[in-house]
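Encoded as structure tokens, the structure appears first; notes follow it.
The values are calculated or read from the model by the stated rules, or taken from the named source; none is laboratory data. Just so it is clear, the structure is predicted and the values come from calculations on it, not from any experiment. Glycine also receives a Cβ, built like all others from the backbone with ideal geometry; neighbour counts cover every protein chain displayed.
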Amino acid sequence: MNDINDQPISFTDKSSGDDALLGIRVVGDSVGLTLSLRASGDVEVFMGADEIGRVIERLQAARAAIHPTT
């Protein structure tokens, strides 16, 4: 498996227009998600496999709500 710890996703925050990064890293049996805004700093949370599954489901539902054909 590729090391996902060094592959942040960069994008522009739709609300503020600020540069943003989403980082994902695996530490032991937890997955850490980091959200960063250039002007506002970072937040990092860690969760287990069950919580990550729920996050994935919610993100897929949100994507379907804004772009039903993907």
Those residues of region 34-63 which are among the small types (Gly, Ala, Ser) and modelled with pLDDT of 95 or more amount to Ser36, Gly48, Ala49, Gly53, Ala61, Ala62
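For region 12-34, give me each residue that is surrounded by 11 or more Cβ atoms within 10 Å (Cβ to Cβ), out of contact with any Gly (no Cβ under 8 Å at 6 or more places or on another chain), part of a strand (DSSP E or B) and of a type outside the set (Asp, Glu).
Within region 12-34, the first condition is being surrounded by 11 or more Cβ atoms within 10 Å (Cβ to Cβ), and the residues that meet it are 13, 16, 18-26, 30-34.
Then drop every residue that is not out of contact with any Gly (no Cβ under 8 Å at 6 or more places or on another chain), which leaves 13, 16, 18-22.
Next cut, part of a strand (DSSP E or B) only: 19-22.
Ala20, Leu21, Leu22 - these are the residues of region 12-34 that are surrounded by 11 or more Cβ atoms within 10 Å (Cβ to Cβ), out of contact with any Gly (no Cβ under 8 Å at 6 or more places or on another chain), part of a strand (DSSP E or B) and of a type outside the set (Asp, Glu).
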